[in-house]
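Just below is one structure, and these are the notes that go with it.
The values are calculated or read from the model by the stated rules, or taken from the named source; none is laboratory data. The shown structure was predicted, so the numbers you read here are calculated from the model rather than taken from an experiment. When we count neighbours, we look across all protein chains shown, and the Cβ atoms used for this are built from the backbone with ideal geometry, even at glycine. Note: accessible area is taken over every heavy atom of the protein model, side chains too, but ligands, DNA and RNA are not part of it. Shrake-Rupley method; radii C 1.70, N 1.55, O 1.52, S 1.80 Å.
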Amino acid sequence: MWQTGLTEVLVITSHKVSFIESLREISPRLHFQHVNPASHHEVTKDQWAAIDILITDGILPKPENAPNIKWVQFTGTYDLDQLVLYRSQNKRVVFTSTDGLAAANVAEFCLRQMLTLSQMPRIDPPSTKKLKGLSGTTVGLIGYESNNRELARLLQPFHCTILASTFNAMNPEATTYACNDGGDPEGRFFHRLYPMQALGSMLESCDYVVNGLTASTLTIDSIKAHHLSKLKSTARFVDTSDPGVTELRSLYQTAADHKIAAAAIDIPKNYYEARLSDLQPSENIIITFGQARKHLFNTTCFTSLLKENFTRFFAGNSLLNIIV
């Protein structure tokens, strides 16, 4: 039975829910119910009406059925348009993601792609100094959150000059989760931090660029053709951003026209097949399908993220990984 005076948490996931016992330690007020996604329709209107927190694979109630819901934690992907619409009907609810759970995998993938692009053949104009390798170059990281913070850490032995862009350049500290204490939570590994409004200035200086932005109301349509026009002809561009963040056709054409040296694009296969299947790999363009975030869910790290956010929730502090 649902109990009054408690913080009601509904978990709708096919993942293991061993994290529930860990969360019980945070507060005696927490009351959990776990429902398999296939049985979510069995949740009654009275139960939805009592929900304070939802942990979900993607299933959401109608806003009018869950007026008390305050926080939704996703276990994986989400539909940003759906969340924006939801917020228009319930402005109190906060949505958070699993950003950072796969930071090590994403950062290592990006580093491999950077090293691969550094070896791609290119015919340079006689007046252009050919870029050799990765060491000692200037690397621009678009979006300085979990994945790119971990990449910045991995790049330290390469003695690169690291430039980073963020939506809040006044605060270098992380607002996203770092699994296993990795990444750069204090903001020590970059040489200069740019506001997103000055992204063009950052790009002009870069030999390599890695775009790791995840989908949010701030990031949609962030990287357009006029940004790409700022790049050096010798620049290499790695894009692991969520669909809708980058004008991928513009990035592809910029590389195909040899206005930059090379590009690597990692995109979900279903998105590629639906919208970009006419874009094919070439001598200086690598296209992969969801390899960067292939191992997204990590139970141990997810439990750690939940414990941190539940602690913040009860303390009235801002949560990590806010989407909208």
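Assorted remarks:
- Per-region count, the stretch 285-301, residues at pLDDT 95 or above and either open to solvent by less than 70 Å² (accessible area, probe 1.4 Å) or part of a helix (DSSP H, G or I) (or both): 4
- Filtered residue count, the stretch 254-268, keeping only those that are within 15 Å of N211 (Cβ to Cβ) and part of a loop (DSSP other than H, G, I, E, B): 2
- Residue match in the stretch 88-98 (condition: without any contact (Cβ under 8 Å) to a residue 12 or more places away in the chain, part of a loop (DSSP other than H, G, I, E, B) and out of contact with any helix residue (DSSP H, G or I) (no Cβ under 8 Å at 6 or more places or on another chain)): yes
- L279 satisfies every condition listed in (1) buried (at least 18 other Cβ atoms within 10 Å of the Cβ); (2) closer than 19 Å to E150 by Cβ except (2).
- Within the stretch 50-79, the set of residues being open to solvent by 10 Å² or more (accessible area, probe 1.4 Å) and under 16 Å from H31 (Cβ atoms) comprises A50, D52, N68, K70.
- Among the residues of the stretch 138-151, those identified as open to solvent by less than 10 Å² (accessible area, probe 1.4 Å) and more than 15 Å from the chain's Cα centre (by Cα) are V139, G140.
- Index of the failed condition, V9 passing every other in (1) farther than 20 Å from R312 by Cβ; (2) aliphatic (A, V, I, L, M); (3) open to solvent by less than 10 Å² (accessible area, probe 1.4 Å): (1)
- Of all residues in the stretch 80-123, those being over 28 Å from E308 (Cα atoms), out of contact with any Gly (no Cβ under 6 Å at 6 or more places or on another chain) and surrounded by fewer than 21 Cβ atoms within 10 Å (Cβ to Cβ) number 9.
- Residue check, M170 over 16 Å from the mean Cα position of the chain (by Cα), over 30 Å from T299 (Cβ atoms) and open to solvent by 50 Å² or more (accessible area, probe 1.4 Å): yes
- Filtered residue count, the stretch 49-77, keeping only those that are out of contact with any Ser or Thr (no Cβ under 7 Å at 6 or more places or on another chain) and farther than 13 Å from V93 by Cβ: 4
- The set of residues in the stretch 36-49 being open to solvent by 70 Å² or more (accessible area, probe 1.4 Å) and within 19 Å of T7 (Cβ to Cβ) consists of D46 alone.
- Filtering the stretch 232-244 for residues that are in contact (Cβ under 8 Å) with a residue 12 or more places away in the chain, in a strand (DSSP E or B) and surrounded by fewer than 18 Cβ atoms within 10 Å (Cβ to Cβ) leaves an empty set.
- Conditions (1) touching a residue at least 24 places away in the same chain (Cβ under 8 Å); (2) of a type in the set (D, E, K, R); (3) open to solvent by 10 Å² or more (accessible area, probe 1.4 Å); (4) outside any helix (DSSP H, G or I); number of the one not met by R249: (4)
- Scanning the stretch 252-276 for residues that are in contact with a helix residue (DSSP H, G or I) (Cβ under 9 Å, 6 or more places away or on another chain) and open to solvent by 70 Å² or more (accessible area, probe 1.4 Å) yields Q253, K259, R275.
- Residue list for the stretch 14-33, restricted to those being surrounded by 13 or more Cβ atoms within 10 Å (Cβ to Cβ) and over 17 Å from E308 (Cα atoms): H15, H31, F32, Q33
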